[in-house]
1. In segment 79-189, which strands (runs of 3 or more DSSP E) lie fully inside it and hold 1 or more residues that are touching a residue at least 24 places away in the same chain (Cβ under 8 Å) and under 22 Å from Leu223 (Cβ atoms)?
2. Among what's in segment 170-218 and is surrounded by 13 or more Cβ atoms within 10 Å (Cβ to Cβ) and basic (Lys, Arg), pick the residue that is nearest to Arg67 (Cα to Cα).
3. I'd like to verify a number: residues in segment 15-64 that are at pLDDT below 95, polar (S, T, N, Q), closer than 29 Å to Ala233 by Cα and outside any loop (DSSP other than H, G, I, E, B), how many?
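The values are calculated or read from the model by the stated rules, or taken from the named source; none is laboratory data. Predicted, not measured: the structure shown is a model, and the values here were computed from it. Cβ placement follows ideal geometry from the backbone for every residue including glycine, while neighbour counts extend to all protein chains displayed.
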Amino acid sequence: MRIFELEETLSTNTWVSANRDSLPIPSLVFARRQTAGRGQRGNSWESEPGKNLCCSIFLRPEGVEPRSQFTVSEAVALAVVDLLADYGVEAKIKWPNDIYVDDRKICGILIENAITPREILYTIAGIGVNLNQERFMSDAPNPVSLTQLTGCEYDLSEAAAILADHVEKRMAMTVAAPDQLHKEFMSKMWRADGDEYPFFDCLRGEGIKARISDVASDGIITLDLGNECRSYAFKEIEFLLS
């Protein structure tokens, strides 16, 4: 995978999208400063300049059908978990693809797929890993960085290279071993330990307690409420911090 470093850009996802015709596939582009980093639900992504790994990975998921596009999200999320494991930190994947250490968010992922009815043309996976930031100024409820957890400082270029390697290995599994990939994804899911946790059902406007049952290949999550099972797409259910 080719790696490109930018000193500053609005957001790496936006930059990759604008330059995709000239970028080799696969590529990882990281910026030392993002002035308009994007997160899920249209939120901004807070990152102190030069402190965190703000990157986008440009992929062509050959062999993955559009209906199974969540497999790509599984691969990218597991690659971030692999990166953190290399640094001695055990992380979990909060559905659909945030990365948590205990109850604190260390990474956000924004997956953008360009698809036709027959194929995924390309994927841009925006990844923001909190590496060295020690103070967070936004109103995000639960951020944490690697340096806060370990007391060490990390090199952005090194982290980018390690992540690129893990993404390539995990993406190979989307075709060669998708069932194993999904099994590992479920084993690394935050709060998928069989216990009940609080959620807010946005479809019904009510708080519930439920266990995570499964995540389908299209990303739909199924929760077990004891007396019934309910399935939700992204934005239809919210995890509540207990």
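1. Hits in segment 79-189: 92-94, 98-101, 104-115.
2. Step by step, filter segment 170-218, then rank; the result is Arg170.
3. So the answer is 2.
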